[in-house]
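Enquirer: My structure is below; once you've seen it, I'll send some questions.
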Amino acid sequence: MTLLKITKSGRKKSTLIKAVVANSAGEIFELEGYAAVGMAGSLRRPLTLDQTINMPYGGELMLLPDRRPVVFNMETGLLETLKVNPYIPGEQIYPVAAFNSPGYVTMYAGAYSEDKEAGYLPLFSYGAVGWHKDKFRSAVIRVDRERRQDLRLMKTEDVAVGIHKMQKEMPDNRLRKHLEKCALKYGCPAAKNFFLGRYEAPLPTSGHCNARCLGCLSFQKSGKISISQERIAFQPTSAEIAEVALQHIRKVNKSVVSFGQGCEGDPLLAADVIAPAIAKIRSVTSRGTINMNTNGSRPDTLKRLFDAGLDSIRISLNSIRRECYDIYFQPKGYDFNDVIKSIDIAISRKKFVAINYLNSPGFTDTPQELDALIAFIRQHRINMIQWRNLNFDPLRYWSIMESVAQHGKPVGMQKVLYRIQKLFPDVKYGYFNPPKEKFK
Ligand code: SF4
């Protein structure tokens, strides 16, 4: 995790990048004479070279069904919503967006408009993408240089060797078995890293949650959106958790083991097995960093886990404003104050505190949200912001947020990153949970 110098966005004339679209066969191609357009709330902006970088390795391109691309006609200088290919009469075309790889913050969503029959988009982030000199260009800024989830370093055959080895070393451990499914069926990079003996290992534990996030990857009641992975169907014992964690800590230098994964509910609801597991790990070794990704809903439970030896927490927030938090997280039996109280307890205990800030350009970069973030950090000196692109239908998200709060014109994610870094230079930026060796 490096402190990246975020430059102030001085607007200078720059080359427009070409729009890319797809046809019904899923073939992606550039549109001569048209520029790509980025979208942020009500803002639509033609994309230029200086606002984009070559699409980072590992990113995926997606066709957006029942939607039409919004592009910039370079001849007329106007924005257009295209239904058909201007060069092949009758050929239906669709917008293309980039699901960028970890460590890159989306500056703009890909611009599109919905057809009447459009449903919710699946749970991904939809970054703006274009074409320049035979390369795809993404509108992103890098906030973490660590190659923790670089797929080029996570070969399937090496994962298989690791799985085989762990089967021998922990034949009856159900958590080890669950992580095999995560690595092989869901392609979970955290589970793969456990079998590869790299960086951070996941310790999913809780089948339950006291929030109902609109974008929850493992639980979707409405049926309008499909889940990305099933929730863990059993509760591992403290012994099983400690065994997996110690395996990783023994093998990996500057290791991190983390509760709170995409395939589970919230780990605070499983504190009865987690607290003894942490105590067990710490009774064996002081090495490694024990981290918890959580919604921070139970401050008293968190105290117990800190007493047991928890080193760091990462608390998820889509917004620093209660009304915008509540409509997204839909808390059950807790409220926003509890989350803030958890952060304050961790700070008072000198634990490393990160927020998992679910970023959506068009909302996160509105003056109201930026002011709230600045006021929050002034009052609650967290150690790190993990800028995570929100995996949720952008147009639907903005209209949901607009339904509970007024928002001014987005100032741009680059400006947000720059301002926060300028005001709070000691607040780290990144994407991954750091080991304690890197807390300072
Ligand atoms: S806090 Fe996590 S597990 Fe709970 S609903 Fe939200 S995303 Fe899902």
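Enquirer: Amide H of Ser113: which non-local residues (sequence gap of 5 or more, or other chain) have their own amide H closer than 5 Å, using H built in the peptide plane?
Expert: Distant-sequence amide H within range of Ser113: Arg68, Val70.
Enquirer: Please work out the average accessible area per residue across the stretch 151-438, using the 1.4 Å probe convention, and give it in Å².
Expert: Working: 11170 Å² over 288 residues.
It amounts to 39 Å² per residue over the stretch 151-438.
Enquirer: Per residue of the stretch 336-351, what does 6.51 cos²θ - 1.76 cosθ + 1.60 with θ = phi - 60° give for ³J(HN,Hα)? Whole Hz please, x for Gly and Pro, Karplus curve as stated.
Expert: 3, 4, 4, 5, 5, 5, 4, 5, 5, 5, 5, 5, 5, 8, 6, 8
Enquirer: Between Asp344 and Thr15, what length in nm is gained on full extension when 0.36 nm per residue of separation is reduced by their alpha carbon distance? Before the final figure, lay out each step's value.
Expert: Details: separation 329, 0.36 × 329 = 118.44 nm, distance 4.65 nm.
Working it through step by step, the gained length comes to 113.8 nm.
Enquirer: Could you pull out every one of the lysines with an alpha carbon less than 25 Å from that of Lys440, ignoring same-chain neighbours closer than 8 positions?
Expert: Straight-distance partners of Lys440: Lys5, Lys251, Lys254, Lys303, Lys341, Lys350, Lys351, Lys422, Lys428.
Enquirer: Also, quick follow-up: Scan around Leu390 for amide H atoms under 5 Å from its own, H built in the peptide plane at 1.01 Å from N, and keep only partners 5 or more places away or cross-chain.
Expert: Distant-sequence amide H within range of Leu390: Asn359, Ser360.
Enquirer: Oh, and also: For Gln330 and Leu79 in the same chain, what is the full-extension length gain: residue separation times 0.36 nm, less their Cα-Cα distance, in nm?
Expert: 86.7 nm
Enquirer: Which of Ser125, Ser226, Ser14 ends up with the largest GNM mean-square fluctuation for the chain, with Cα atoms connected below 10 Å?
Expert: Evaluated over the chain, the most mobile residue of the options is Ser14.
Enquirer: Under 17 Å Cα-Cα from Lys18, which lysines qualify once same-chain neighbours fewer than 8 residues away are excluded?
Expert: Here the lysines satisfying the reach criterion relative to Lys18 are Lys133, Lys135.
Enquirer: Counting helices only, and only those DSSP H runs with n ≥ 4, report the 222 nm mean residue ellipticity of the chain as the sum of -39,500 (n - 2.57) divided by its residues, in deg cm²/dmol to the nearest 500.
Expert: -8500 deg cm²/dmol
Enquirer: Expressed as cubic angstrom per residue, what is the convex hull volume of the alpha carbon set of the stretch 151-438?
Expert: 130 Å³
Enquirer: Per 0.36 nm of contour for each residue apart, how much would the distance between Ala375 and Leu49 grow if the chain were fully extended, relative to their Cα-Cα spacing? Kindly include the intermediate steps, with their values, before the conclusion.
Expert: On the way: separation 326, 0.36 × 326 = 117.36 nm, distance 3.35 nm.
Working it through step by step, the gained length comes to 114.0 nm.
Enquirer: A follow-up question, please. Normalised by the residues of the chain, what does the relative contact order come to in percent, with Cα pairs under 8 Å and at least six apart?
Expert: 16 percent
Enquirer: Counting pairs of alpha carbon atoms under 8 Å apart in space and at least six apart in sequence, what relative contact order in percent does the stretch 310-424 give?
Expert: Taking the mean separation of contacting Cα pairs over the length of the stretch 310-424, I get 33 percent.
Enquirer: What spacing in nm lies between the two simple spin-label points modelled at Asp272 and Thr237, each 7 Å away from Cα in the Cβ direction?
Expert: For Asp272 paired with Thr237, the spin-label model returns 1.6 nm.
Enquirer: Given a cut-off of under 8 Å on Cα pairs at least six residues apart, what relative contact order in percent is computed for the stretch 283-336?
Expert: Value for the stretch 283-336: 36 percent.
Enquirer: If each of Tyr57 and Val161 carries a label point 7 Å out from its Cα toward its Cβ, how far apart are those two points in nm?
Expert: For Tyr57 paired with Val161, the spin-label model returns 1.9 nm.
Enquirer: What FRET efficiency do you get for Lys224 and Gln92 if R0 is 35 Å and r is their Cβ-Cβ distance, rounded to the nearest 0.05?
Expert: Calculated transfer efficiency: 0.90.
Enquirer: Given labels modelled 7 Å from the Cα in the Cβ direction, how far is it in nm from Asn337 to Arg147?
Expert: 4.9 nm
Enquirer: Taking the Cβ-Cβ separation of Lys181 and Ile400 as r and a Förster radius of 45 Å, what is the calculated FRET efficiency to the nearest 0.05? Before the final figure, lay out the partial values.
Expert: Numbers: r = 33 Å, r/R0 = 0.72.
That pair, Lys181 with Ile400, gives E of 0.85.
Enquirer: Still on this structure: How much of the accessible area of the chain, in percent, comes from carbon and sulfur atoms when a 1.4 Å probe is used? Walk me through the numbers before you get to the answer.
Expert: On the way: 9600 of 18420 Å².
About 52 percent, which is the carbon plus sulfur part of the accessible surface.
Enquirer: If the rule is a partner Cβ under 4.7 Å, which cysteines in the chain fail it?
Expert: Unpaired cysteines in the chain: Cys209, Cys263, Cys324.
The values are calculated or read from the model by the stated rules, or taken from the named source; none is laboratory data. Everything numeric in this text was worked out from a predicted model, so none of it was measured. Glycine gets a Cβ as well: all are built from the backbone with ideal geometry, and neighbour counts include every protein chain shown. Calculation scope for accessible area: heavy atoms of the full protein, side chains included, ligands and nucleic acids excluded. Shrake-Rupley method; radii C 1.70, N 1.55, O 1.52, S 1.80 Å.
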